[in-house]
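The values are calculated or read from the model by the stated rules, or taken from the named source; none is laboratory data. Note that the coordinates shown come from a computational prediction; the quantities given were computed from them, not determined experimentally. Backbone-built Cβ (ideal geometry, glycine too); neighbour counts: all protein chains shown.
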Amino acid sequence: MRILVTGGAGFIGSHVVDRLVAADHHVAVIDNLSSGLKEHINGKAVFYRCDIGDTERLERIFAAERPDYVIHHAAQISVQNSLSDPLQDARVNIMGTLNLLNCCRDFGVRKIIYASSAAVYGNPEYLPLDEKHSLNPLSPYGVSKHTPEHYIQMYAGAYGLNYTVLRYANAYGPRQDALGEGGVVSIFIDRLLQENPVVIYGDGEQTRDFVYVEDLAEANLMALERGDYGIYNIGTSVRTSVNSLLEAINEINGSHARPVHKPARPGDIRHSYMCGEKARLELGWGPKFSLYEGLELTLKYYLNLYTGKGGMEGAGSEAF
Ligand SMILES: NC(=O)c1ccc[n+]([C@@H]2O[C@H](COP(=O)([O-])OP(=O)(O)OC[C@H]3O[C@@H](n4cnc5c(N)ncnc54)[C@H](O)[C@@H]3O)[C@@H](O)[C@H]2O)c1
């Protein structure tokens, strides 16, 4: 099949691209490289350096590629940036997605798979979070990840565009940005390997649902065939405290780093984890990697990267 992946140079999108290429699909990547890396793009994918806000260019790419499926991962992902510049956040996450939806409509795309987030729920009213939980995003990012879900459903009703929305829990794994607001796993590993102090905000007993990136990629592949017109939480149904996360990383790394505690950040959610039952029943998806296995693979990746053995993967050539 012909599949177009936006954000395919990014952390999660690049793993999705790898899986699609391995399954012999024709894959095209759209990415403006604002946070993604060209080295992460699978060499067998066609790469278009393009901003999803660029309507004219997007139309030319759709005309050239004629994708059957679009898997949409391009986004502004920083909660902090969304607070300091909500307009830019909306420009990318809302207007960019609308641009993409128009192309899906105009070029007869069969289905769009959209990477949404647990951020759409806000502070949990009950746990685990299921898909029926009310939507009370706490940041512009949460709003800008949720708003496209409405547009997608509206385009399905009005133009017959099929969709699957995947609401991810906290992703971790190789290629995640360890700087800025990268995930806590990559930040902890980066700190440990650079022998810098590991900072935990608050007492560290706050919990999250950590899902390994290859499991997320697998959910996207399953959504190609199942989950039509559906919204799914993609999480492990397991809650892990930040303290025990650090303990596990220490154990795998053979280190004994003790965290530096700083005051809890205002607005931080105390506990969050997802119910994966709907995804299991309707997509046939469940996590294959335990946290320990996922952490082992992630640590190995960063160790190789920092000792220069990681090499640069992919680096597909650029199309127009
Ligand atoms: N990382 C997580 O824990 C997590 C959790 C829930 C949802 N998500 C969602 O998954 C998706 C991927 O996230 P990620 O963690 O891989 O982030 P990432 O920053 O690594 O990937 C995003 C990619 O989109 C590209 N991009 C950004 N703006 C663009 C634009 N205007 N035009 C074209 N490309 C653009 C970036 O260069 C990058 O390669 C996002 O939609 C994010 O909201 C991520």
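Worth pointing out:
- Residue satisfying all of: in segment 19-40; near the ligand (Cβ under 9 Å from one of its atoms) and assigned to a loop (DSSP other than H, G, I, E, B); surrounded by the most Cβ atoms within 10 Å (Cβ to Cβ) among these: Gly36
- Residue match in segment 240-257 (condition: within 12 Å of the ligand (Cβ to nearest atom), closer than 26 Å to Tyr121 by Cα, part of a strand (DSSP E or B) and touching a strand residue (DSSP E or B) at 6+ places or on another chain (Cβ under 8 Å)): no
- Extreme residue, farthest from the chain's Cα centre (by Cα), among residues of segment 1-58 that are within 20 Å of Asn99 (Cα to Cα) and acidic (Asp, Glu): Glu56
- Take the conditions (1) closer than 25 Å to Gly108 by Cβ; (2) near the ligand (Cβ under 7 Å from one of its atoms); Gly10 misses just one of them, which is (1).
- For the criterion of being within 19 Å of the chain's Cα centre (by Cα) and in contact (Cβ under 8 Å) with a residue 24 or more places away in the chain, Gly284 fails.
- Restricted to segment 86-195, the set of helices (runs of 4 or more DSSP H) holding at least 2 residues that are within 16 Å of Gly230 (Cα to Cα) and away from the ligand (no atom under 12 Å from the Cβ) comprises 140-159.
- For segment 42-71, the candidate set comprises residues that are within 9 Å of the ligand (Cβ to nearest atom) and not in a strand (DSSP E or B); within that set, the residue that is nearest to Gln88 (Cα to Cα) is Gly53.
- Test: residue in segment 83-93 that is modelled with pLDDT of 95 or more and closer than 18 Å to Ala156 by Cβ: no
- For segment 287-320, the set of residues classified as in a loop (DSSP other than H, G, I, E, B), surrounded by 15 or more Cβ atoms within 10 Å (Cβ to Cβ) and either modelled with pLDDT of 95 or more or charged (D, E, K, R) (or both) consists of Pro287, Phe289, Glu313, listed by residue number.
- Applying a threshold of 6 Å to beta carbon distances and a minimum spacing of six or more residues, or different chains, the list of pairs starting in segment 170-186 at a residue that is buried (at least 22 other Cβ atoms within 10 Å of the Cβ) and ending at one that is modelled with pLDDT under 85 reads Gln176/Gly182.
- Failed item in (1) within 18 Å of the chain's Cα centre (by Cα); (2) free of Cβ contacts under 8 Å to residues at least 12 places away in the same chain, with Gly235 passing the rest: (2)
- Some residue of segment 71-83 being loosely packed, with under 15 Cβ neighbours inside 10 Å, farther than 25 Å from Glu218 by Cα and touching a Ser or Thr at 6+ places or on another chain (Cβ under 8 Å): yes
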